[in-house]
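The values are calculated or read from the model by the stated rules, or taken from the named source; none is laboratory data. The structure presented is a predicted model; accordingly, all values stated were derived computationally and were not measured. Cβ sites come from the backbone with ideal geometry, for glycine too, and all protein chains shown count toward neighbours.
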Amino acid sequence: MLEICNVTKRYRNIPVVNDVSFTVSPGEVTGYLGPNGSGKSTTVKIITTLIEPTSGKVLLDGRDIREDPIAFKRRLGYVPEEAILYSYLSGLEYLQLMGCLRGLTPGQTDRRANDLLELFTLHPHRHSPISAYSKGMKQRVLIAASLLHDPDVLILDEPLSGIDVTNAQLFRFLLHELARKGKTILYISHVLEVVEKVCRQVVIIYKGRIMAADSVEHLRELVQAPSLEEIFSQLVEQRDLEAVARDIVLAIA
């Protein structure tokens, strides 16, 4: 179980993440939602040990991840929001590098890398430089890299960015299979329709604070809203968006 415990991050004494607590259970996909600037990315950077919290801690199976960050990273698979890759490497070379960094043997790495490239329909392009890949192809390389070492915990930040419909559907099936295998999965996305399909639990953050942490079904009952989009709007957006849209059109008329 991944536990985020009273995490706060301040910049110049201004809290960007303010006393955030929630849990991500094994065998479930938990959605982490919020508008731009709400504190999602900062939370993810803290969980992945890229930055230190001002206060609070993150536990994996009851142990503070800062006690042994290298051991934690061995159990972590991470797809960042932006596909930053070594563009001069080929897709296969990139996965071989990731396998080496993850402590896999060359034989394990080559077998898993080629299998993943085949399954993600990238095998014909395995020797082409990543600089020649489309955005969706780069994203699939990142997803493959996150799975290469069979991690216990997956942090997926906008993983479907640039992905076509077929591969997006494959990814949704993949999430269900990974959850069924007992993986602990935190899924960050603005695409609420996808979140509603793949996530059993959701955590909603707004202005650095947790507004809700519950199952989608229970939130529907509490807020009396038919969809996750309606729940999200009621919890974090106070403006009349239809009126704002009309005002924008009037402003440019």
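A few notes on this one:
- Selection status of S21, of a type in the set (G, A, S) and assigned to a strand (DSSP E or B): yes
- Complete set of residues in the stretch 4-18 that are out of contact with any Gly (no Cβ under 6 Å at 6 or more places or on another chain) and either outside the structural domain of R180 (by TED's automatic domain parsing) or within 11 Å of I205 (Cβ to Cβ) (or both): I4
- Selection of the stretch 25-47 for residues being in contact with a helix residue (DSSP H, G or I) (Cβ under 9 Å, 6 or more places away or on another chain), assigned to a loop (DSSP other than H, G, I, E, B) and crowded, with 20+ Cβ neighbours inside 10 Å yields G34, S38.
- Counted residues, the stretch 60-99 - those being among the hydrophobic types (A, V, I, L, M, F, W, C) and touching a helix residue (DSSP H, G or I) at 6+ places or on another chain (Cβ under 7 Å): 10
- Listed conditions (1) assigned by TED's automatic domain parsing to the domain that holds D110; (2) under 13 Å from the mean Cα position of the chain (by Cα); (3) of a type outside the set (V, I, T) are all met by G136, apart from (2).
- Inside the stretch 100-118, residues that are of a type outside the set (D, E, K, R) and either closer than 23 Å to L160 by Cα or in the same structural domain as K40 (by TED's automatic domain parsing) (or both) make up a count of 4.
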